Each structure stands twice: as C-alpha cells, then as structure tokens.
Amino acid sequence: INETYKRIEEVDGDVQAFLALNKEKALEEAKEKDQVPVNERGPLFGLPIGIKDNIVTEGLETTCASKILEGFIPIYDATVVKKIREAGMITIGKLNMDEFAMGSSTETSYYKKTKNPWDLERVPGGSSGGSAASVAAGEVPFALGTDTGGSIRQPAAFCGVVGMKPTYGRVSRFGAVAFASSLDQIGPITRNVYDNALLLEVIAGVDPNDSTSADVPVPNYASKLDGDIKGLRIAVPKEFLSEGIDESVRQSVLDALEVFKGLGATVEEVSLPHSKYALATYYILASSEASSNLARFDGIRYGFRAEGVKNLMDLYKQTRAQGFGDEVKRRIMLGTYSLSAGTYDAYYKKAQQVRTLIKQDYDKVFEDYDVIVGPTTPTAAFKIGENIDDPLTMYANDILTIPINLAGVPAISIPCGFDNGLPLGLQIIGKHFDEETVYRAAYAFE
Ligand code: GLN
C-alpha cells in the first residue's frame, strides 16, 4: 500500500486520475491485515483498488466530479465497496470522471482533466477516465467504473486495459449515484482478463438493497479460464465495421478474428439492423432518466449550497445553476423536454419501443452464436479539447458501446493492437448473465 501511494505521488501529477486519497485509513487497514493468517486470505486480499467517484464510500468524499457535491461525505458504503472490503481489498482513493458520468473524455469533470498515460495530450476516454488511466499508469492494479453507454469499455480501450460492463442486474447498483437507472452498471477495470474475472466474482450477486439486482448464481469465473475456445461461435455484425470506423480499427478487428479462427472458433457475419437508431434512442432515454434522478440535488441534502438567496425556490435555482456544469444541464433540459406532456409519446415512448427492437436484434443473433465481436470505439484516443465543444461528435464516440447497454447484455473491452502508438480495444459481447463465456473468449485471445 505504501508503494501504491509512492507510485501515485510519482505519476499522478501528470496523469491526474485521483480526486481524493484515502491514505491514512488505507495504511492503517494494511497494518491490521498483516495480522491475518495467510490461510484465511482470499485471492484479492490486501490488494489496492481505486473507486470511481460516483460510487459512495463511507467517510470519504464522493463528488461525481461535480461542484454540486463538493464536500459531500457519504454515511454508508455502496454494496460493491462493502464487498471489496470483505474480500480484503484496500481502497486507495476516488477516481476522476465526467461530471455525473456524462461524457466520453473525462473533460466535463469540474475538478481536473485526466490525461491518457500513453500520450498526455490525449483524453483517457470517459466517463470512467480516472479509473482506466490509474490502471494504465500502474497506480493501482484494480479499479471500479460505471458504464451507462460505454463508460467502462471506451476508456479501457483508449488506455489499453481490460474493462467489463456486466449484464444489467449482475452487480448491485446500491450506492452508485444514479445517472440512467435502467442502463447503469458497475464493473471492473484491470490490467488483464484474469484479474478482471476475480474482481467481478467479488462484486457480483443479488442484493436486497437493489431490487433490479438479479438472483442468478455467480460462477467462479477465473477457474473457468483455460484458453480452450474450440467450437466457439462468433458473430460479427456488419454494422460494426462499416462507415465511420477508422481503417486501423477495422484492421485490428479483422486480425483479431484470424486469431480466434486459429484457436478453433467459427466466425460469421450477421446483421443488427436497428443499430442505427441506438444513439438517438440512448440519448433520449438516458437524458430522461437523468433529468429525474438529478432532481434530488437541491442544495438541501448534499454538498454545495448557493449563498445569498432570496427564498427556498431561489435556493434550488441558484444551487443548481451554479452547481451543475454545461453538459449536465444540457441532459436535464433534453430529458425534461422528452418527458413533458406534449412530447412524451413522440420521444420517450417511441425510444422505449425502439429499445425493445434493439434488444430483439441481440436476442436473435444469440440464438445461433455464443458471442458477438467488434471494435470498442471507432477511433483511438482523441486530443484533449478536440471534441469538447461539439456534443454530437462526442456522443458519436459511443456508437459501438451504447446498444449493449440498451440490450442489457454483458461486454468486455480488451487490448487488441495499436494505431500510431495508441491502444485499440476489441469488444466481446455475450448473452444475458453469460459473462463466463465472454471471459473465456477474452482470456484465450489475450
Ligand atoms: N458517453 C456516454 C454519455 O455521455 C456514456 C456515459 C456512460 O456510460 N456513463 O452518456
């Protein structure tokens, strides 16, 4: 744990992944853990982990990288935090992100801009940019992120690490600050597939505090990793390799498919015909849910409160006007509009219907195939500042990850090559609650 903080001191001035450190408590915990007999220690015992700042940690500031939560100290731990503590892991600190997880570059953080450790002029991706960068920079070997439309997988791809978005309902969301509750999932970001599998096993499982968590047995994923994927049926959607995808990205996926064939898998092209509606559907649904979820930030209950206000209504207005950044306000306005009486049927309801069509595309492919493989992102990491003033280009970055959240299925991003020295990610998508096959395929490739 000492070495971890030393490393953070060395590199975080450049990378800027951490928002808060838990140093005193972590060192104390580590000392106590030294007393635990070796035969009582599990595989992750005593190991350091960083936590995205939208997951609440008792006694440790949790801001969602927003001014509106400045100084907010939670009074309880998220279920995943309880679980990693029970496994003996040690929380090192809280990791930077896009404000309330809205973004794809970690540039919407109120506090700092995290840099991509492979090239400090580039973004680490987002919204779990701090989580992916901290692992890539060797600050921590494990991090937790959240993924609503790609926020674990896209930064994992940009930073050359492994990120898993589990099946919706696989991991309890209790204590994850809600962005879009029907899409959000917590998941692990690690340096390799084996570590990732170990961490998912620890955090997964049904939780009485989250009624959307599913009572489905959690396998010992790591014990199933044997490198044998003979006969694995891989589907490659043609929509995932068409226009808008960089040639280097396309080539890296084609190369990866050859590796899979060499390992005895079969590869066939399929179609997910409703993919072209995913981005529009997502931005209506995610913004609608966000506009409702973020109503709780009123200046009364948590964090920041505006001063010099005239009355209660003015307190709400001033707090929210000063506390939220531009991107969050944009989503609240979009969402409120989609949910309003005159537009509900045309936008929100229509988007819900299209979401079902998208999910059915995936169900249909999974009748005949074990996994779907494609790129994680259309390009490698872009430059800081390049897209921040152009929300539509920024949104388009998640075109390959968003449909997976709409369908609710699990997907991992693993490193699969480079474009001019910048890492690229391969996305492997599985059936509902079949993270096991996703991990097996990822491990065999790695
Ligand atoms: N980039 C997408 C968005 O801005 C996804 C974010 C996420 O998965 N949290 O909404």
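Is one or more of the residues making up the stretch 217-228 in contact with a Gly (Cβ under 9 Å, 6 or more places away or on another chain) and basic (Lys, Arg)?
No, the stretch 217-228 has no match at all.
Could you grab me the full set of residues in the stretch 399-429 that are more than 16 Å from the ligand (Cβ to nearest atom), touching a Pro at 6+ places or on another chain (Cβ under 9 Å) and farther than 14 Å from GLY163 by Cα?
Once the filter is applied, which keeps residues that are more than 16 Å from the ligand (Cβ to nearest atom), touching a Pro at 6+ places or on another chain (Cβ under 9 Å) and farther than 14 Å from GLY163 by Cα, the stretch 399-429 yields only GLY417.
Which condition from (1) more than 18 Å from THR281 (Cβ to Cβ); (2) among the hydroxyl-bearing types (Ser, Thr, Tyr); (3) part of a helix (DSSP H, G or I) is the one that TYR395 breaks?
Going through (1) more than 18 Å from THR281 (Cβ to Cβ); (2) among the hydroxyl-bearing types (Ser, Thr, Tyr); (3) part of a helix (DSSP H, G or I) one by one, TYR395 breaks only (1).
Restricting to the stretch 273-327, and then to whatever is loosely packed, with under 14 Cβ neighbours inside 10 Å and closer than 20 Å to MET102 by Cα, can you tell me which residue is farthest from the ligand (Cβ to nearest atom)?
So, considering only residues that are loosely packed, with under 14 Cβ neighbours inside 10 Å and closer than 20 Å to MET102 by Cα, the one farthest from the ligand (Cβ to nearest atom) is ALA321.
Regarding LYS83, is this residue of a type in the set (D, E, K, R), surrounded by fewer than 24 Cβ atoms within 10 Å (Cβ to Cβ) and modelled with pLDDT of 95 or more?
yes
When you check TYR110 against the structure, is it more than 9 Å from the ligand (Cβ to nearest atom) and closer than 21 Å to GLY325 by Cβ, yes or no?
yes
Does ILE245 fit the bill of being touching a residue at least 12 places away in the same chain (Cβ under 8 Å), under 25 Å from the mean Cα position of the chain (by Cα), surrounded by 17 or more Cβ atoms within 10 Å (Cβ to Cβ) and in a loop (DSSP other than H, G, I, E, B)?
Considered against the rule, which asks whether it is touching a residue at least 12 places away in the same chain (Cβ under 8 Å), under 25 Å from the mean Cα position of the chain (by Cα), surrounded by 17 or more Cβ atoms within 10 Å (Cβ to Cβ) and in a loop (DSSP other than H, G, I, E, B), ILE245 comes out as yes.
Output the residue which, of all residues in the stretch 388-398 that are within 11 Å of the ligand (Cβ to nearest atom) and closer than 14 Å to GLY125 by Cα, is surrounded by the fewest Cβ atoms within 10 Å (Cβ to Cβ).
This residue is ALA396.
Which members of the stretch 124-169 meet the condition of being more than 12 Å from the ligand (Cβ to nearest atom) and of a type in the set (Val, Ile, Thr)?
VAL135, VAL140, VAL161, VAL162, THR167
Scan the stretch 194-221 residue by residue and report those that are more than 16 Å from the chain's Cα centre (by Cα) and among the hydrophobic types (A, V, I, L, M, F, W, C).
LEU198, VAL202, VAL206, ALA214, VAL216, VAL218, listed by residue number.
Can you tell me which condition THR57 does not meet? The list is (1) within 24 Å of ALA286 (Cβ to Cβ); (2) more than 16 Å from the ligand (Cβ to nearest atom), and all the others hold.
Status for THR57: all satisfied but (1).
When the stretch 260-292 is examined, which residues are found to be under 25 Å from LEU241 (Cβ atoms) and of a type in the set (A, V, I, L, M)?
Matches in the stretch 260-292: LEU263, ALA265, VAL267, VAL270, LEU272, ALA278, LEU279, ALA280.
Quick check on this structure: which one of VAL259, VAL270 is at pLDDT 95 or above, hydrophobic (A, V, I, L, M, F, W, C) and within 22 Å of ASP361 (Cβ to Cβ)?
Result: VAL270 is the single residue among VAL259, VAL270 that is at pLDDT 95 or above, hydrophobic (A, V, I, L, M, F, W, C) and within 22 Å of ASP361 (Cβ to Cβ).
Provide a single number: the residues in the stretch 285-330 that are among the charged types (D, E, K, R), over 20 Å from ALA180 (Cβ atoms) and not in a loop (DSSP other than H, G, I, E, B).
2
ASP226 passes all but one of (1) surrounded by fewer than 17 Cβ atoms within 10 Å (Cβ to Cβ); (2) over 23 Å from the mean Cα position of the chain (by Cα); (3) closer than 21 Å to HIS432 by Cα; (4) in contact (Cβ under 8 Å) with a residue 40 or more places away in the chain; which number fails?
Among (1) surrounded by fewer than 17 Cβ atoms within 10 Å (Cβ to Cβ); (2) over 23 Å from the mean Cα position of the chain (by Cα); (3) closer than 21 Å to HIS432 by Cα; (4) in contact (Cβ under 8 Å) with a residue 40 or more places away in the chain, ASP226 violates only (3).
With respect to GLY308, determine if the residue is among the small types (Gly, Ala, Ser) and under 20 Å from THR108 (Cα atoms).
Spelling it out, it is not the case that GLY308 is among the small types (Gly, Ala, Ser) and under 20 Å from THR108 (Cα atoms).
In the stretch 214-242, what residues are closer than 21 Å to GLU367 by Cβ, touching a strand residue (DSSP E or B) at 6+ places or on another chain (Cβ under 8 Å) and in a helix (DSSP H, G or I)?
Matches in the stretch 214-242: LYS238, PHE240.
Limited to the stretch 363-387, what total is found for residues that are surrounded by fewer than 22 Cβ atoms within 10 Å (Cβ to Cβ) and more than 19 Å from the chain's Cα centre (by Cα)?
Of the residues in the stretch 363-387, 13 are surrounded by fewer than 22 Cβ atoms within 10 Å (Cβ to Cβ) and more than 19 Å from the chain's Cα centre (by Cα).
The values are calculated or read from the model by the stated rules, or taken from the named source; none is laboratory data. Model, not experiment: these values are computed from the prediction. Counting neighbours? That spans all protein chains shown, and the Cβs are built from the backbone with ideal geometry, glycine included.
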